[in-house]
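Step one of this worksheet: look at the structure below.
The values are calculated or read from the model by the stated rules, or taken from the named source; none is laboratory data. All values reported here derive from a predicted model rather than from experimental measurement. Backbone-built Cβ (ideal geometry, glycine too); neighbour counts: all protein chains shown.
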Amino acid sequence: MDIFLNSLAGQMQPLVLLTMVASVIVGMIVGAIPGLTVSIAVALAVPVAIFMPTDYALVMLASLYAAGVYGGSVSAILLNAPGTPASAATAIDGHQLARQGLATKALNIALLASAFGSMFSILLLVTFAPLLAKFALRFGPVEMAGLLLFTFTIVGTVSGSSMIKGLFSAALGILLATIGSDPMIGVPRFTFGNTSLLDGLTYIPLLVGLFAIAEVLKMASEGFPRQTHDVELGDENKARNRLTRSEMKAISMPMVRGSIIGSFVGLMPGIGSTISAFLAYADIKRSAGPSSNVGNGDIRAVAACESSNNATGGATFIPTLALGIPGDAVTAIILGALVMLGVQPGPLLFVTNPGIVYTIYIVLFLSTVMMVIVGLVATRGLVFVLRVPNLYLMPIVALTCAAGSFVVRNNVLDTFVMLGAGIMAFVFGRVGVPVAPLLISFIVTPPFEEAVRQSLAYSHGSFSIFVTNWFSLIAILLSASVVVLVALAQRRRALPA
Amino acid sequence: METRIFAACFAVASLVFLLVLVPDLQGSFSTNPMFQTAGLGPTAIPYFAGGAVLVLSVLMFFERKREEDPAPVLEPESETTPEAAYSFRDLAIFTAILTGFIVLMPVAGFLVASVLFLGAVFLLFRAPSPLVAVIVAVAAPLVIDLLLRRVFLIPLPELGWF
């Protein structure tokens, strides 16, 4: 209890609260601008975060994440251009509502549902993360190897439209993670005599390149297109835009269902909030029936999608904190930042450093509250930000990325790693290969390699250790089942009807 | 077509990795008894990952393009925004300017390199308002420099006068 109160008191410091407010505002703005995703916001903040005290860094990163997902819904509703991929499902009905003169109502429902989804998943996080961590404390290298194998499989198979491309991305992430000193005996691997590579590819330039530079290059290849604006909030009828009691009642169940779907998806590594929002959309469409207004401006659809994508955000922290396995690309970025700050997420964190765990709970809760306050006051102001042309914005993002990558080690090699990663992710985007599996695999490969090699050292080189251990055997069987099921499902979709 | 070229490039790269780089690594430590361990050595994961990339590249090369789904429920997890008109020339110009900025920044310092970088981008991509372009090209680096250097105490590269 003392540790919790200490963490709470720490978050009540004026400077911490100021960091939180600023991060929520920046998160909303970045999330709202089409092309600048939550991943980019968090990736750009990491080079700054590693120079801050751990508490402040956590506040900044978690607040950006919490607010960024909601920010994406603003441009989705107003412009039909989702600020983040997770808001794409919201745009379907949200923009229809805006076209009917109900933009403020749609924005308020999105804010309410986002806050509900976040709170729901924070409750799950507080309840289940310690239990999962307690269970995971019994894990040895064999169990860890099995669990991480399952992570690779899930990340590779379900995070894109093609399993082959997802697994390819994951395999490339594993390959890139082998650059640097061998984790067991210290042999330099693929460093080509360059001492800067002995620690491996530096994490910050890689993630900044994969997420931010790739998007800037994409915009550049399109000649920095201008946004179009077809919604003006000033002309709205205020009475029509007020939320009524019956409307609140109508959206309550979709919010609960969306939050459950989002939380479940968040528990699975690598799936992410985009898919959870579309699953919630499919669910509300099915449950509302064919005669419903879903697809043409239904408030229930907006509520379901937004509660789902925000619930995924909180739930992804469960595997991240309890097992050290990132739930999605953003928590992968946060996990990497925590490691750079000297905090190793995983079951031991709950024993050795519970203060950090409590801080994360409190920050997620407070940033959600802050998001509601800022959202109610300032959402209309975001409309002005959406008018900033990409040509002025994107080059500034690029120079911030380059500076952020350089300052990590004052090494120009890192900025070239950033550029290389950016070009690679841009090409990935062109051919439909997802980037998230690469980053998640890159992060979990070192512990996977250690676990596998330690296990084989115990068994004197015999692979039977992985099938005689029940947990590892289940993980292997589940991994194989997922690959077969997804392959069959994709084959069925590919066949002509 | 793009996917096939991509897959072919990665298949060739993974072959080079598996046939040249990993055996080189194997040779660098296999004769040293200090590095002999039970189970897997340092080349096991590289062989596995390289092999996986090769196999998946080949599969990607032959993968049939999926017909457009009339009512997609699950969209791919994309970190990028929807497609617009694509120009390789614009991409090449921007990448060249960015590379120039990366090379110049450690030498000329963040501020000077940033102003030149933004100026070049706004000029070559024809910013709608020259006045706004000049203001942004000067003000944005100053604000970022002030924030990072003074507020967050992050040491950005500076111009070396002597």
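Odds and ends about this structure:
- Only one of A:Val339, A:Val330 that is assigned to a helix (DSSP H, G or I) and closer than 19 Å to A:Gly156 by Cβ: A:Val330
- In the stretch A:326-339, the residues that are aliphatic (A, V, I, L, M) and away from chain B (no Cβ under 14 Å): A:Ile334, A:Leu335, A:Ala337, A:Leu338, A:Val339
- Residue within the stretch B:151-159 that is over 20 Å from A:Leu413 (Cα atoms), within 10 Å of another protein chain (Cβ to nearest Cβ), over 23 Å from the mean Cα position of the chain (by Cα) and not aliphatic (A, V, I, L, M) present: yes
- Residue in the stretch B:99-109 that is within 7 Å of another protein chain (Cβ to nearest Cβ), surrounded by 13 or more Cβ atoms within 10 Å (Cβ to Cβ) and over 21 Å from A:Leu217 (Cα atoms) present: yes
- Each residue in the stretch A:113-146 was checked for being at pLDDT below 90 and either of a type in the set (D, E, K, R) or closer than 24 Å to A:Ala489 by Cβ (or both), and 2 of them qualify.
- Note on the stretch A:234-261: among residues that are in a loop (DSSP other than H, G, I, E, B) and of a type outside the set (A, V, I, L, M, F, W, C), the one that is farthest from A:Ala103 (Cα to Cα) is A:Thr244.
- The number of residues in the stretch B:70-95 that are at pLDDT below 75, farther than 19 Å from A:Phe442 by Cα and within 7 Å of chain A (Cβ to nearest Cβ) comes to 8.
- Considering residues of the stretch A:444-471 that are facing chain B (nearest Cβ under 9 Å) and in contact (Cβ under 8 Å) with a residue 12 or more places away in the chain only, the residue farthest from A:Ala145 (Cα to Cα): A:Tyr458
- Subset tally (residues that are among the β-branched types (Val, Ile, Thr), within 14 Å of chain B (Cβ to nearest Cβ) and free of Cβ contacts under 8 Å to residues at least 40 places away in the same chain) for the stretch A:360-397: 1
- Cβ-Cβ under 8 Å pairs, at least 6 apart or on other chains, the stretch A:24-45 side closer than 13 Å to A:Cys401 by Cβ, far side charged (D, E, K, R) and at pLDDT below 85: A:Ser39/B:Glu79
- Residue within the stretch A:173-189 that is in contact with a strand residue (DSSP E or B) (Cβ under 9 Å, 6 or more places away or on another chain), at pLDDT below 90, within 16 Å of B:Ile45 (Cα to Cα) and among the β-branched types (Val, Ile, Thr) present: yes
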